[in-house]
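Mind looking over this structure? Questions follow.
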There are 4 protein chains.
Amino acid sequence: MFKLAGIYAPIATAFKDGEIAYEELRSNLEKWEKTSLAGLVVLGSNGEFVLLDEDEKVKLTAFVRENFSSEKPVIAGTGCESTGATIRLTKSCAEVGVDAVLVLTPTYYKGSMTDEALNGFFQEVADASPVPVILYNMPRNTGVNMSVPLVTALSKHPNIIGIKDSSGNIVQIAGILAETDPDFSVFAGSGSFLYASLCLGATGGTLAVANILPNQCHRILELYNAGEYTKAKEIQFRILEANAAVTAKWGVAGLKAAMDMMGYYGGEVRKPLQELLEDNKKELKLILKQWDPNDKKD
Amino acid sequence: MFKLAGIYAPIATAFKDGEIAYEELRSNLEKWEKTSLAGLVVLGSNGEFVLLDEDEKVKLTAFVRENFSSEKPVIAGTGCESTGATIRLTKSCAEVGVDAVLVLTPTYYKGSMTDEALNGFFQEVADASPVPVILYNMPRNTGVNMSVPLVTALSKHPNIIGIKDSSGNIVQIAGILAETDPDFSVFAGSGSFLYASLCLGATGGTLAVANILPNQCHRILELYNAGEYTKAKEIQFRILEANAAVTAKWGVAGLKAAMDMMGYYGGEVRKPLQELLEDNKKELKLILKQWDPNDKKD
Amino acid sequence: MFKLAGIYAPIATAFKDGEIAYEELRSNLEKWEKTSLAGLVVLGSNGEFVLLDEDEKVKLTAFVRENFSSEKPVIAGTGCESTGATIRLTKSCAEVGVDAVLVLTPTYYKGSMTDEALNGFFQEVADASPVPVILYNMPRNTGVNMSVPLVTALSKHPNIIGIKDSSGNIVQIAGILAETDPDFSVFAGSGSFLYASLCLGATGGTLAVANILPNQCHRILELYNAGEYTKAKEIQFRILEANAAVTAKWGVAGLKAAMDMMGYYGGEVRKPLQELLEDNKKELKLILKQWDPNDKKD
Amino acid sequence: MFKLAGIYAPIATAFKDGEIAYEELRSNLEKWEKTSLAGLVVLGSNGEFVLLDEDEKVKLTAFVRENFSSEKPVIAGTGCESTGATIRLTKSCAEVGVDAVLVLTPTYYKGSMTDEALNGFFQEVADASPVPVILYNMPRNTGVNMSVPLVTALSKHPNIIGIKDSSGNIVQIAGILAETDPDFSVFAGSGSFLYASLCLGATGGTLAVANILPNQCHRILELYNAGEYTKAKEIQFRILEANAAVTAKWGVAGLKAAMDMMGYYGGEVRKPLQELLEDNKKELKLILKQWDPNDKKD
């Protein structure tokens, strides 16, 4: 069965004149294919998935699957607000060949998203999904948090294989790793706490910053696995600033501007998101100066 | 031009076996038509709009418009995450005859929803909309708040005619009323602060509780307009508990259970929402006991 | 018995060279005595009470009581973290002649401040206090909120006569007024929601902005009581900006700078608070330009 | 110079009939002295410091210093709301022999506690303190967070030697370790993220749970330092539940009940804190069942 491990990039969706720019995306895919990335996530938060229509989502997923190494997994983000829409999109993405789906918690009715409601949601999606399901906890964007008892309960489902935790709550991550079986994989949801998560038992991460620094992110994992903790930690520390720039600080606009600077096609964000301001781009350039996108060394 | 005033019910969407139950909805529409409601809002938070597909949204809106008094306005909630999808749904709803659209702020990329981004979003939607636009501020569900300066700036747009503020932040409501022109209407977004909002200059409200107590909600407005402040306030105080039960306390499941108790079709919620527990239903029944749905008296 | 009504100023504590400046304070007291203020609150949030030692608190309270019209009430803020310290300070302030005490919720152990713990705290303080007790809810500074059921329960205590609610949560204020007896007074805790609170049944307020615009604040109340709602609301709207400047926006430093501009002694804040920056002082001056401190007109 | 390293217990303050129970405290000190604890913190959050008067604080600190091994450091928590009171208490505690002081951020005027204000506060305290200063970041109780740039700036002060970070924000902890010099020590502020903090470079922690499981907490550190990561992590995982019980879940009341169960004197909490309910005590007993307080093994 599919095993969640390694460094994944939750890829940005390339746009041009408001539409998905498939040729530019293909060029990015070719570049990512040559990196140490274990696989890709399409339709993630960094992929502006909420700004895509259902048709676009499926077409985009099919395109990424077709145009990326068939030896490397592609995972699709298929969480929607309703259970029904989530199952429908999950099936569509499974049909076009994804290896697993990453399912975000519903977000709008926060007050009603009790552990019980979330348990019902994920059990039903996992029952219906033709491919393995990965839980996706992203409280900063959703206002909903998946508790340790909830994740532990869901980890018993044979079709739920892991969680991407973007909360950055290291106590919660420890709790999940303490309570779940070893075959349930925990993935860091941001490059800022990758190393700490590995130390606790995470098997990798799906990291916005891996769009631009895939080899460096992978190097943290590789060094960690080799017992080279000091070196791994040193890269983790160095990567913090670039990671913040493409996530909490400037969001998807920061990520896309950084991609443009690092040899990828970043291009437009979709509205209502706004391009990064020129002053911020200058600041970003300084932050990225120390990084060579082609470097595999530590 | 359309003027936003009076009491609106943001109607619940009737479901049966997971699908929209048009006959049951028609029956509800007939009942609401006989009340003092000024109009209806379809596709609001209480209408489980995020749980409906785009096709369902348009078909539902068309049905409500066709089956509700043509002398009374119907407003559709058309806010989506992307500017493009919002404009598309706005146009579709305008085509089926709504009098105005209620446009929620985007929610997922909270960290990027600066005043500037929100201003761009609403200006573009208002430019493109064939019908008047009403701003919809609902921070409890979205995690995004519309500031007084933002609302004031948007109020200058000729096609933006008002705001439904569900924040309950009375200082913000006062600020909006202080800074905007008299032809910009402010609507209370919950029955819990209707009276306070009227005192500051609001022209009405669109209130979950108006699904079940439309005449009583209207009576608050009517008494207020007649200068009968003590009586108006007395109903406002009495209505607080029922209002909380169908909003903050039990959400849409509470509203639908209350509708079943008050002679409307409430029925199912759509998953992942969950039905109200039996114990809570008993508690709800006690709360509603004092109210006669057919009563127009104070 | 003492009845809580009218406009109170929660007076700033005058400092010079780090010590309480009694002569400057006396001068302020003389000015406030000539205004329409119903009374004063000493040792409130605007009085930097947490920055005063216990000895200073009692001495300051005694001084204010001695140097302010004996016909007008003086209330002292006596809330401390421990029940014992609160009772001790309450008794000391009662001995020097205050008419009532304003008791803030404990704040540090937020997670333990359940309704039950808070009920125990206030009951014990009220039992021991020689003077009437006023509850003080200030969640923005304390991180603790007093719920409607808690306040309702406490309102039954014969020595608890009212609440100063600084939450600005108008639904909560409505709930308290709906649930408590008419002899329990509700006071607005900020000038930004004074008018809305009066409309719901509040009897007045204790307002930072009343340090600098006492007559204007009182005028809102006077006009409201005279049924001149439009005029009252107009002053409420006009006062919002000045109110924000001396509270949420710039805090005590803003209040003291404003006092200096309006003919009072503002002077230093105590460390770690910091003086207002020069740029902000210019902005503040513009905000205050429209107000004449000696004006009693509307 | 004093170097911050190892496991410290932020000791509970023993009370009997509302007063400090020195004999019971002496008995606890004798027990802690025989454990692997590196030292003690008096007047911490678990020591109910905000519920103690200034005189009690100094007397208690002197007593602990006199009655605990002179070879092991004692640190006193001396943060107060005002800079002046903090310096005064710092000097008093230094006089009675503490090795360092742990200085909490001011909390009440949250909105004014900018990085600049906090920088001024800590610089002034560090200048005046006769003993080394340790920063104390505890946002859950204070509502104030110390940012990475602030901590980095303060770490340059020759008399500021480290930070106890109780935020549990592992990205922030990583950032501090990345930006500060190696002679600036970072301490985990809770047993729940001790291991993760060690992996990033922390030198130890001051942990509520170390009041009851001092040897086990020390064992995590010892195993980590010996490169026995799997074993260290295993204890970290096992300790999570007990740690939660004496911190986030039941607070000081939970800690004191646990002390009573583990052979220490726990006794009363001071009001307004409330004793643990009987049902919770039963639950706590089950949680603690697996732990032998005298065990030094892993």
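Just need a number here: residues in segment C:69-86 that are assigned to a helix (DSSP H, G or I) and within 20 Å of the chain's Cα centre (by Cα).
Total satisfying the criteria: 1.
Within segment C:1-18, work out how many residues are surrounded by fewer than 20 Cβ atoms within 10 Å (Cβ to Cβ) and part of a loop (DSSP other than H, G, I, E, B).
Matching residues across segment C:1-18 total 6.
Scan segment A:69-78 residue by residue and report those that are surrounded by 24 or more Cβ atoms within 10 Å (Cβ to Cβ) and over 16 Å from A:N137 (Cβ atoms).
The answer is A:V74, A:A76.
Just the residues that are farther than 20 Å from D:Q236 by Cα and either modelled with pLDDT under 95 or of a type outside the set (A, V, I, L, M, F, W, C) (or both), please, taken from segment A:193-226.
A:G204, A:G205, A:T206, A:N211, A:P214, A:N215, A:Q216, A:H218, A:R219, A:E222, A:N225
Run down A:K231, A:K285, A:K249 and say which single residue is within 14 Å of chain D (Cβ to nearest Cβ), more than 20 Å from D:Y229 (Cα to Cα) and surrounded by fewer than 23 Cβ atoms within 10 Å (Cβ to Cβ).
Of the residues listed, the single one that is within 14 Å of chain D (Cβ to nearest Cβ), more than 20 Å from D:Y229 (Cα to Cα) and surrounded by fewer than 23 Cβ atoms within 10 Å (Cβ to Cβ) is A:K249.
Give just the number: which of (1) buried (at least 24 other Cβ atoms within 10 Å of the Cβ); (2) without any contact (Cβ under 8 Å) to a residue 60 or more places away in the chain; (3) within 19 Å of C:K31 (Cα to Cα) does C:D260 not satisfy?
(1)
Can you find a residue that is part of a helix (DSSP H, G or I) and closer than 20 Å to A:N141 by Cα anywhere in segment A:55-68?
Looking for residues that are part of a helix (DSSP H, G or I) and closer than 20 Å to A:N141 by Cα, one finds at least one in segment A:55-68, hence yes.
Residue by residue, here is whether (1) touching an Asp or Glu at 6+ places or on another chain (Cβ under 8 Å); (2) within 24 Å of D:Y109 (Cα to Cα); (3) modelled with pLDDT under 95 holds:
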| site | (1), (2), (3) |
| --- | --- |
| C:V41 | no, yes, no |
| C:S45 | no, yes, no |
| C:L51 | yes, yes, no |
| C:T61 | no, yes, no |
| C:E66 | no, no, no |
| C:P106 | yes, yes, no |
| C:E124 | no, no, no |
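Next question. Just the residues that are surrounded by 22 or more Cβ atoms within 10 Å (Cβ to Cβ), within 12 Å of chain A (Cβ to nearest Cβ) and closer than 21 Å to A:E19 by Cα, please, taken from segment B:88-107.
Once the filter is applied, which keeps residues that are surrounded by 22 or more Cβ atoms within 10 Å (Cβ to Cβ), within 12 Å of chain A (Cβ to nearest Cβ) and closer than 21 Å to A:E19 by Cα, segment B:88-107 yields B:L89, B:P106.
In addition: Inspect all residues belonging to segment B:131-145 and state whether any of them is touching a Phe, Trp or Tyr at 6+ places or on another chain (Cβ under 8 Å) and of a type in the set (F, W, Y).
Within segment B:131-145, not a single residue is touching a Phe, Trp or Tyr at 6+ places or on another chain (Cβ under 8 Å) and of a type in the set (F, W, Y).
Would you say B:T152 is in contact with a strand residue (DSSP E or B) (Cβ under 6 Å, 6 or more places away or on another chain), within 24 Å of B:G204 (Cα to Cα), assigned to a helix (DSSP H, G or I) and among the polar types (S, T, N, Q)?
Answer is no for this residue.
Which condition from (1) in contact (Cβ under 8 Å) with a residue 40 or more places away in the chain; (2) touching a strand residue (DSSP E or B) at 6+ places or on another chain (Cβ under 9 Å); (3) surrounded by fewer than 17 Cβ atoms within 10 Å (Cβ to Cβ); (4) acidic (D, E) is the one that C:E48 breaks?
(3)
Now for a different question. Give the residues of segment C:191-222 that are over 18 Å from C:K256 (Cα atoms), within 14 Å of chain B (Cβ to nearest Cβ) and in a loop (DSSP other than H, G, I, E, B), sorted by residue number.
If the condition is that a residue be over 18 Å from C:K256 (Cα atoms), within 14 Å of chain B (Cβ to nearest Cβ) and in a loop (DSSP other than H, G, I, E, B), then C:G201, C:A202 are the ones that fit.
Just to check your reading of the model, which residue among B:S190, B:S185 is polar (S, T, N, Q) and within 21 Å of C:Q172 (Cβ to Cβ)?
B:S190
Looking at this structure, is C:F193 hydrophobic (A, V, I, L, M, F, W, C) and surrounded by fewer than 23 Cβ atoms within 10 Å (Cβ to Cβ)?
So C:F193 does not fit the description; no.
Being polar (S, T, N, Q), over 30 Å from A:F121 (Cα atoms) and more than 14 Å from chain A (Cβ to nearest Cβ), is that true of even one residue in segment B:49-63?
no
What tally of residues in segment A:67-87 results from selecting those that are more than 12 Å from chain B (Cβ to nearest Cβ) and free of Cβ contacts under 8 Å to residues at least 12 places away in the same chain?
2
Checking the conditions here, which among D:I173, D:I160 is within 23 Å of A:K233 (Cβ to Cβ) and either in contact (Cβ under 8 Å) with a residue 12 or more places away in the chain or surrounded by 17 or more Cβ atoms within 10 Å (Cβ to Cβ) (or both)?
D:I173
Counting only residues that are out of contact with any helix residue (DSSP H, G or I) (no Cβ under 7 Å at 6 or more places or on another chain) and in a loop (DSSP other than H, G, I, E, B), how many does segment A:19-38 have?
The qualifying residues number 3.
Just need a number here: residues in segment D:130-187 that are charged (D, E, K, R) and facing another protein chain (nearest Cβ under 9 Å).
Here the count works out to 2.
Say we look at segment D:161-199 and pick out the residues that are under 19 Å from A:E241 (Cβ atoms) and among the polar types (S, T, N, Q); which of these is farthest from the chain's Cα centre (by Cα)?
Only one residue tops the list, namely D:T180.
Please state which of the following conditions A:V131 fails to meet, knowing it meets all the rest: (1) of a type outside the set (S, T, N, Q); (2) in a helix (DSSP H, G or I); (3) touching a residue at least 60 places away in the same chain (Cβ under 8 Å).
Answer for A:V131: the failing condition is (2).
Looking only at segment C:108-122, how many residues end up being within 11 Å of another protein chain (Cβ to nearest Cβ) and touching a helix residue (DSSP H, G or I) at 6+ places or on another chain (Cβ under 7 Å)?
Residues that pass the stated criteria total 9.
Only one of B:V101, B:V50 is of a type in the set (A, V, I, L, M), touching a Pro at 6+ places or on another chain (Cβ under 9 Å) and within 17 Å of B:I163 (Cβ to Cβ); which?
Just one listed residue meets the conditions, B:V101.
Filter segment C:105-132 down to the residues that are within 20 Å of the chain's Cα centre (by Cα), over 18 Å from C:S92 (Cβ atoms) and not hydrophobic (A, V, I, L, M, F, W, C) and list them by number.
C:T105, C:P106, C:T107
The values are calculated or read from the model by the stated rules, or taken from the named source; none is laboratory data. Computed from a predicted model, the values in this text were never measured in an experiment. Heads up, the Cβs are rebuilt from the backbone with ideal geometry, glycines too, and the neighbour counts pull from every protein chain shown.
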